[in-house]
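Undergrad: Once you've had a glance at the structure underneath, I'll fire off some questions.
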Amino acid sequence: MNRTAIAVMGAAAWAATALPASPCNAPSGPLAVVTTTTDLKSLVEAVGGDRVRATSIACGYEDPHFVQAKPSYMMTAREADLWVRIGMELEIGWEELLLDGSRNPRIRISTPGHLDASEGVLRLEAPSVRVTRELGDIHPLGNPHYWLDPLNGRIVAKAIADRLAQLRAPDADTFRKNLAAFTAALDTRMFGPELVRTAGGDSLWAMAVKGNLGDFLNQHNLTGKLGGWAGRMRPWRGTRIVTYHRSWSYLANRFGLTVAAELEPKPGVPPSPAHLATVVERMKADGIKVVLMEPFYSRKSADFVAAKTGATVLVCPNSVGGEKEAADYLALIDLIVDRLDQALRGQAPAQGKG
Ligand SMILES: [Zn+2]
């Protein structure tokens, strides 16, 4: 045997052991995705299926503004192929520490491994004045609590599917199919199956955004067919509520509710007696019946204004995993719509323990 033959055999033996079984030699394990919140994790799992392994930094029952940048989170981020954040400065207090601490160049900002989920969403409350400390914890890019508008859930799911396909081209078809299934499920939950069959999810959303969905339903005698979350919340259009933090604006906007006041005098500033007195006056004047708040805030102030006005305090998670029942993104919106509808009817909603 000459030297060339030996070298060829050696190379073949090396290739046989080093190459994975996959014919195109592509990496075949699931993509490691780290998300800042559980809502994003749920959307990643919906479109990624078994082709991703997702981990969330924040839990669903903690305040996402204030997450401790623990070394264990940096270790998790070190292994990530993709990092997904809410953005709009929600994670401003802790994200950079984790990204720096991870020493993972694949997930740096402006790389394909870093997805800012806020990029394509419908934004509310972008301030038109220069933001100063006086205004409280105002986010200059707008209100970052956008995930409670199901339209934004739909938009973010698409952005995630596109990015996963970019990072893992051989699985692009799977991501596209999963996205289609998720979008169909979300549209059906939003408008009810009959309207989605009649008009299609895309055009229903387009009309909802333009504000002419009501006209369309009237013209075509379809008003009675509006089901899902939109149908359930329809009787409450124009209803005023009070919330603890400015974190329910997107939900209120989508379903036509008005947040008349917050218990926090400014976002991130704890309620003061003087401010609560003005909230009580407002609630009495407007006949406001519901104070909506997340489980991670103290309910002392809410109980105080409720006692003065006869309103109901509705404690409801606003993230996946905030309660057991809110197991995924669609279940979270189900839970919120159900509880809010019951509370507005004056029934005591069944509340979990957080
Ligand atoms: Zn906030």
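Undergrad: Which of the residue pairs K41/K324; K210/K284; K266/K289; K266/K300 have a Cα-Cα distance greater than 27 Å in the structure shown?
TA: Too far apart for the 27 Å limit: K210/K284.
Undergrad: Considering only Y250, A277, V315, whose Cα is most displaced toward the positive end of the charge dipole of the stretch 235-344, charges sitting on Cβ of Lys, Arg (+1) and Asp, Glu (-1)?
TA: With unit charges placed on the Cβ atoms, the residue in question is A277.
Undergrad: Can you compute the charge dipole magnitude of the stretch 198-247 about its Cα centre, using +1 on each Lys and Arg Cβ and -1 on each Asp and Glu Cβ, nothing else charged? Give it in debye, rounded to the nearest 20.
TA: 260
Undergrad: For the pair M207 and A277, how long in nm is the line joining their label points, each one 7 Å along Cα→Cβ?
TA: 5.0
Undergrad: Using a simple charge model, +1 on the beta-carbon of Lys and Arg, -1 on the beta-carbon of Asp and Glu, nothing else, what dipole does the chain show about its Cα centre, in debye to the nearest 20?
TA: Here the chain has a charge dipole of around 260 debye.
Undergrad: State the answer as a single residue: which of Y297, G227, L97 lies farthest towards the positive end of the charge dipole of the chain, with beta carbon charges of +1 for Lys and Arg and -1 for Asp and Glu, about the Cα centre.
TA: It is G227.
Undergrad: Convert each backbone phi in the stretch 231-244 into a coupling constant with the Karplus relation 6.51 cos²θ - 1.76 cosθ + 1.60 (shift: θ = phi - 60°), then list the ³J(HN,Hα) values in order as whole Hz, x for Gly and Pro.
TA: Calculated HN-Hα couplings, in order: x, 5, 8, 3, x, 9, 4, x, 6, 9, 10, 10, 10, 6 Hz.
Undergrad: Suppose a student asked you for the relative contact order of the chain, using Cα pairs under 8 Å spaced at least 6 residues apart; what percent would you report?
TA: RCO, the chain: 15 percent.
Undergrad: Further question: Nearest-5 percent of antiparallel DSSP beta bridges in the stretch 235-344?
TA: The antiparallel proportion sits near 0 percent.
Undergrad: Test of understanding: what is the full-extension gain from R234 to C59, defined as 0.36 nm times their sequence separation minus their Cα-Cα distance?
TA: Full-extension gain reported as 59.9 nm.
Undergrad: May I pose another question? For K70, give me every one of the aspartates and glutamates with a C-alpha distance below 15 angstrom, ignoring sequence neighbours fewer than eight places off in its own chain.
TA: In chain and number order, the partners are E62, E91, E95, E96, D100.
Undergrad: Among L344, L31, L213, which one shows the highest mean-square fluctuation when the chain is modelled as a Gaussian network with alpha-carbon springs under 10 Å?
TA: L213
Undergrad: Given +1 on the Cβ of Lys and Arg, -1 on the Cβ of Asp and Glu, and no further charges, what dipole in debye does the stretch 235-344 carry about its Cα centre, rounded to the nearest 20?
TA: With only Lys, Arg, Asp and Glu charged at Cβ, the dipole is about 400 debye.
None of the figures in this text is laboratory data; all of them are computed from the coordinates on show. Remember, predicted model here, so these are calculated numbers, not experimental data. Note: ideal-geometry Cβ built from the backbone for every residue, glycine included; neighbour counts use all protein chains shown.
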